[in-house]
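Okay, so here's the structure we're looking at.
The values are calculated or read from the model by the stated rules, or taken from the named source; none is laboratory data. Keep in mind that this is a model prediction, so the values were computed, not measured. For neighbour counting, all protein chains shown are included, and Cβ atoms are generated from backbone atoms with ideal geometry for every residue, glycine included.
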Amino acid sequence: MRVLHLFDRYLNHTMNWAYTLLRHGPPKPLIAAPLLVQNEFLNPDFEFLPPLWPRPFATEWHIKAWQQALASLAWKRLPIYQQHLYQHLKKQPPDLLHAHFAPTGWYFAGLAKKLRRPLLVSFYGYDYAQLPTLRPVWKQRYRELFQQAAGFFVIGDYGAEQLQKMGCPPEKIRILPLGVETSDIPFRERKPHATAPLRILQAATITPKKGQMDSLIAFHRALRQAPNMQLTFTGEVVDADLYARLQNYVRHHQLEEQVQFLDFTPFGKFHHFLQAFDLFLQPSRHAPDGDCEGDAPIALLDAQATGMPVVSTRHCSIPSRVKHNQSGLLCPEGNTECLSQALLRFRQMNETEYASFSHNARRLIEEHFDSRQCGALLKKHYLELVTDGSFNSSVTSITGSNMPLK
């Protein structure tokens, strides 16, 4: 089976989850993107169609504003790139097209129609609520896309519910969880001794939906009762104002010895980096502009795969990725008191119970979120669409059972 994967840019350093999915889907995936980035995701086993720019960029940060604007003009305002792809594909078209993120699907719907091939579109996060909130024109575009595309992938029950609320026919929706390569991730049993500092990590881009300010407030509150704790933030700074507020909070409350900020950790080093920490903190929340996780941060899976318990929130599909009182503790969004108490519970937990959380975390990922299982499910859905021309009439839930969504 020959599948054409469509991106607006291949591939940002934070999108390791997309790369992992492609690796475990049908072999020799065909990739098309106006811009290519030179990193570990530029796999020689993948087939890349010529991009608009002749050479890959060293990183996404090397793409200048005028280059991004010119590329956007060529595939959003004018169908130059779509025509470019059509000339390459018309003699041997792929079996289907898979667009990653809803806007990419909308812009390439015409190419799928011209090639007479089905189009699949994956929603991942900002395309659920933030984009149509900030730019209402996308509400109508989504309605058009729901009619034009053959099917839609979402990553969890939350996403399936959101698409149905926006008018997507439920029979066109399939849940495709993202996974991690558990066999390549070393496990370390966590059971920190009471006299050793509890090392807490939040690894996420600095944006409001990731809840770093909630992390800091909750940690500061817990620190008053249990001073032997440390908090580390690592991630790309997307919101400079938020980052400045975090830094100011640390300075104002004299937390420099307990809180540190590190640069983004590359994907190739991330699992080794996780080994140094005892607890993963991720209090995701809806941002004021409507932005949300859409599903659950992939780092939650990475952390649990290493045996690290999690403190997080009941945001989007996180409750299906973190089992409350088994692999972690969950709180309502924005509830810093609950988050503080969760941190204290892990700080005061005995070694036996902590080790139980650690093993439960690893087992959860091995049994339900291994990338090979997700890849097999992807192949199954591809085959269903290519063979039958459409999905069946029911939505597959995160647990794998067929059930209508309310």
Extreme residue, surrounded by the most Cβ atoms within 10 Å (Cβ to Cβ), among residues of the range 131-165 that are within 24 Å of residue 208 (Cβ to Cβ) and touching a Pro at 6+ places or on another chain (Cβ under 8 Å): 155
Subset tally (residues that are free of Cβ contacts under 8 Å to residues at least 40 places away in the same chain and in a helix (DSSP H, G or I)) for the range 235-266: 12
Which one of 337, 384 is part of a helix (DSSP H, G or I), acidic (Asp, Glu), more than 22 Å from residue 275 (Cα to Cα) and at pLDDT below 95? 384
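Conditions tested, residue by residue: (1) over 25 Å from residue 374 (Cα atoms); (2) of a type in the set (Lys, Arg).
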{"site": "50", "(1), (2)": "yes, no"}
{"site": "62", "(1), (2)": "yes, no"}
{"site": "69", "(1), (2)": "yes, no"}
{"site": "82", "(1), (2)": "yes, no"}
{"site": "90", "(1), (2)": "yes, yes"}
{"site": "95", "(1), (2)": "no, no"}
{"site": "102", "(1), (2)": "no, no"}
Mind checking which residues of the range 296-322 are more than 17 Å from residue 362 (Cα to Cα), without any contact (Cβ under 8 Å) to a residue 40 or more places away in the chain and not charged (D, E, K, R)? 315
The listed residue being in the same structural domain as residue 291 (by TED's automatic domain parsing), polar (S, T, N, Q) and more than 26 Å from residue 389 (Cβ to Cβ), out of 195, 133: 195
Any idea how many residues of the range 99-110 are in a helix (DSSP H, G or I) and crowded, with 17+ Cβ neighbours inside 10 Å? 8
Checking residue 87 against (1) assigned to a loop (DSSP other than H, G, I, E, B); (2) surrounded by fewer than 18 Cβ atoms within 10 Å (Cβ to Cβ); (3) modelled with pLDDT of 95 or more, which test does it fail? (1)
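Counting only residues that are small (Gly, Ala, Ser) and either in a loop (DSSP other than H, G, I, E, B) or not assigned by TED's automatic domain parsing to the domain that holds residue 349 (or both), which one in the range 276-304 is nearest to residue 359 (Cα to Cα)?
Just the residues of the range 276-304 that are small (Gly, Ala, Ser), to begin with: 276, 284, 287, 290, 294, 296, 299, 303.
Still in the running and either in a loop (DSSP other than H, G, I, E, B) or not assigned by TED's automatic domain parsing to the domain that holds residue 349 (or both): 276, 284, 287, 290, 294, 296.
Details: 276: 17, 284: 24, 287: 33, 290: 35, 294: 27, 296: 21 Å.
Taking the candidates together, the pick is 276.
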Condition check: in a loop (DSSP other than H, G, I, E, B) and buried (at least 23 other Cβ atoms within 10 Å of the Cβ). Does residue 128 satisfy that? yes
Can you run down the residue pairs with Cβ atoms below 7 Å, 6 or more apart or on separate chains, where the first is in the range 268-295 and closer than 23 Å to residue 189 by Cα and the partner is among the basic types (Lys, Arg) and assigned to a loop (DSSP other than H, G, I, E, B)? 275/188; 278/190
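Listed here are the residues, each with its yes/no results for (1) of a type outside the set (D, E, K, R); (2) surrounded by 21 or more Cβ atoms within 10 Å (Cβ to Cβ); (3) in the same structural domain as residue 140 (by TED's automatic domain parsing).
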| residue | (1), (2), (3) |
| --- | --- |
| 12 | yes, no, yes |
| 34 | yes, yes, yes |
| 38 | yes, no, yes |
| 49 | yes, no, yes |
| 60 | no, no, yes |
| 92 | yes, no, yes |
| 97 | yes, yes, yes |
| 112 | yes, yes, yes |
Is it the case that residue 117 is more than 27 Å from residue 179 (Cα to Cα), assigned to a loop (DSSP other than H, G, I, E, B) and at pLDDT 95 or above? yes
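Evaluate the following for residue 307: is it outside the structural domain of residue 158 (by TED's automatic domain parsing), modelled with pLDDT under 95 and not charged (D, E, K, R)? I'd like the intermediate steps shown before the answer.
Values: outside the structural domain of residue 158 (by TED's automatic domain parsing): yes; modelled with pLDDT under 95: no; not charged (D, E, K, R): yes.
For residue 307, the condition - outside the structural domain of residue 158 (by TED's automatic domain parsing), modelled with pLDDT under 95 and not charged (D, E, K, R) - is not met.
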If we ask which residues in the range 168-211 are of a type in the set (Ser, Thr, Tyr) and in a loop (DSSP other than H, G, I, E, B), their number turns out to be 3
Quick check on my filter: what residues within the range 1-43 are without any contact (Cβ under 8 Å) to a residue 60 or more places away in the chain and assigned to a strand (DSSP E or B)? 9, 10, 31, 32, 35, 36, 37
